[in-house]
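The values are calculated or read from the model by the stated rules, or taken from the named source; none is laboratory data. Not measured: the values here are computed from a predicted model. A quick note on method: Cβ atoms are made from the backbone with ideal geometry, for glycine too, and the neighbour counts reach across all protein chains shown.
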Amino acid sequence: MPNEVLSISTAGVEATLPPVRGRVVRSRWLYSVLTFLTVFGPGLIVMEADNDAGAVSTYVQAGAQYGTRLLWILLLLLPVTYFIQEMVVRLGIATGKGHAAMIYQRFGRWWGLFSLVDLQLVNFLTLVTEFAAISLALSHMNIAPKVGVPLAALVLVVMVLSGSYRRWERVTVFLCLLDLAWVAIAPKVRPAVGEILHSTFVPGIPAGGVNASLIFLVIAIVGTTIAPWQLFFQQSCIADKRLRFSDVKWTRLDTFLGAVFTIIVAGCMMFAGNAAKIHGISFSDPAQMANDLHVFSGEFVRSAILLLMINAAVLGTTAISLSSSWAYGEVKGWPHSLEMPIRQAPGFYFTYVGCVGLAAAIVLIPGVPLQLIILGVQVLAGIMLPSAIIFLQLLLNDKEVLGKQFVNQPWNNWVNWTIIIVLFILSLILAAQVAAPNLFPAS
Amino acid sequence: MSVLGLLRPTTVTEIPENHFVVVHPLDDVHEQKMSTSGLGAMPMNASVKLSLMALRAYLILMMLLVLYHVLDLAGVFGRHAH
């Protein structure tokens with residue numbers, strides 16, 4: 001293997017090897033940087049794609065209701081989201097297989113089918129909400145959704161049809177980095193720096209105390225930061241990119257930087273909501289907020305928020321649709337790789353195109369019950385997330401599969417079981433609120 | 001040389017002394033992963049059994065909540081707040 005040859009070359013001996021596509025460098029530092037850049041991608045994408053249309057709405061609403069007072073929750077979620085995805089990294093690199101395939105193999109057909117059906121359902125309903133956000137933002141930009149939504153769907157399909165994982169990854173990483181514009185928006189909405197630092201590092205309860213509204217908003221923030229599709233997506237992405245054992249540390253770094261980037265962007269979304277609160281703007285969605293905010297913050301902020309809403313939905317759609325296609329392909333035993341042309345993996349691409357096309361078409365139906373779809377997403381995600389994480393935790397303790405090198409250490413288990421128990425409780429409260437709202441007193 | 005130039009791979013057959021070669025994972029030879037073939041289902045030890053039992057209980061509870069919601073919407077409980 002080339003990696004073994006590398007260790008020979010560092011010993012000061014000239015080495016020959018079978019022809020391989022690569023780059024010869026002299027400096028160890030440059031070698032590390034370039035290796036990281038070749039590995040970089042899945043971690044950033046899985047994290048930033050989670051800042052999808054639903055997340056924009058949740059973070060902006062959090063800012064509008066409580067200003068910057070809930071920033072500390074984002075800081076708390078940074079290690080949580082990293083720990084969960086780090087387990088996915090180890091499982092993906094060690095086995096070279098996707099999450100759905102592993103659940104099928106190690107927990108049997110019933111649990112495998114349950115996970116797959118639940119994932120496909122919640123993913124599809126989420127896709128509908130992504131396209132609904134695209135439609136909404138386009139309407140505010142005076143672009144007819146009947147034109148813009150199919151165009152967005154077409155772009156999303158073209159993104160994956162090149163038969164090159166690298167091409168898809170480059171485009172998607174670029175879209176992720178476009179979200180840096182949220183950081184550019186932040187100074188325009190003039191947040192108070194001292195207040196931000198205090199709210200981030202000193203946990204506190206907003207004025208009004210603990211009530212049902214605050215609890216459900218906190219649960220919504222947690223739910224939007226950690227989503228079930230992320231586990232399936234990153235593991236399949238790692239398998240498709242064929243990341244190697246030696247890439248573990250760089251993939252961890254990629255995942256960590258992705259988590260930091262995502263949390264910073266999420267914080268900036270809260271600043272935008274905070275600006276609406278300061279100016280006394282009430283809104284029902286981020287697009288309306290952008291429109292009303294432009295009187296105070298200028299046209300740049302309005303246009304940027306609308307475009308970033310579309311970008312968030314596009315990112316979410318490509319990642320979620322791919323997690324569905326990879327999972328379905330793994331379970332059905334179909335060829336499932338972005339490196340394959342359509343004729344070699346028709347089922348994989350058909351699933352992707354089908355998910356994107358159908359979700360876009362549903363949004364264009366007049367009078368589609370979006371509230372019912374959002375409710376379905378919440379309930380199904382509540383069912384899906386704890387179960388997917390339980391399987392992940394059990395697989396990470398599976399010495400038969402992972403051996404001693406990749407299996408969880410005792411401290412990993414303590415941290416992860418704590419996260420799982422908290423997520424179980426939060427999911428249950430959210431599902432109870434959605435299914436039986438009368439159980440909870442109004443705030 | 002630009003960063004993009006550094007990232008652009010070429011065919012490498014020889015590594016000069018004290019040099020390193022950066023290979024993209026997709027250009028590298030296939031790595032032998034942990035073998036999972038023939039392993040079958042996970043052994044049901046106490047912690048696995050307990051976890052799956054807790055998961056079943058959770059799912060049953062969730063189903064009951066959804067059922068309650070459906071019955072509530074259908075007006076089975078006499079009044080509907082919405």
(request) List the number of the failed condition for A:SER284; all other conditions in (1) in contact (Cβ under 8 Å) with a residue 12 or more places away in the chain; (2) surrounded by fewer than 24 Cβ atoms within 10 Å (Cβ to Cβ) hold. (result) (1)
(request) State which residue is nearest to A:ASN397 (Cα to Cα) when the search covers only the stretch B:27-58 and only residues that are more than 7 Å from chain A (Cβ to nearest Cβ) and touching a Phe, Trp or Tyr at 6+ places or on another chain (Cβ under 9 Å). (result) B:LEU52
(message) I'm trying to understand the selection: among the residues of the stretch A:395-420, which are part of a helix (DSSP H, G or I), without any contact (Cβ under 8 Å) to a residue 40 or more places away in the chain and either β-branched (Val, Ile, Thr) or closer than 30 Å to A:LEU127 by Cβ (or both)?
(response) A:THR418, A:ILE420
(message) For a quick check of your reading: which helices (runs of 4 or more DSSP H) sit entirely within the stretch A:134-206 and have at least 1 residues that are of a type in the set (D, E, K, R) and at pLDDT 95 or above?
(response) A:165-178
(request) Output yes when any residue across the stretch A:365-380 is exposed (fewer than 14 other Cβ atoms within 10 Å of the Cβ) and either in a helix (DSSP H, G or I) or of a type in the set (Asp, Glu) (or both), and no when none is. (result) yes
(message) Quick check on the stretch A:133-152. Is at least one of its residues farther than 30 Å from B:PRO25 by Cβ, β-branched (Val, Ile, Thr) and over 26 Å from the mean Cα position of the chain (by Cα)?
(response) yes
(request) Give the stretch A:162-185 a look and list any residue that's among the small types (Gly, Ala, Ser) and under 22 Å from the mean Cα position of the chain (by Cα), or say none. (result) A:SER164, A:ALA181, A:ALA184
(request) Quick one: A:ASN413 ticks every box in (1) loosely packed, with under 14 Cβ neighbours inside 10 Å; (2) within 11 Å of chain B (Cβ to nearest Cβ) except a single one, so which number is it? (result) (1)
(request) Mind telling me which of the residues A:VAL314, A:VAL353 ends up being buried (at least 16 other Cβ atoms within 10 Å of the Cβ), touching a helix residue (DSSP H, G or I) at 6+ places or on another chain (Cβ under 6 Å) and touching a residue at least 24 places away in the same chain (Cβ under 8 Å)? (result) A:VAL353
(message) If A:THR318 satisfies all but one of (1) part of a helix (DSSP H, G or I); (2) modelled with pLDDT under 95; (3) within 21 Å of A:TRP229 (Cβ to Cβ), what's the number of the condition it fails?
(response) (2)
(request) Scan (1) modelled with pLDDT of 90 or more; (2) part of a helix (DSSP H, G or I); (3) not β-branched (Val, Ile, Thr) for the single condition A:MET384 breaks and write down its number. (result) (1)
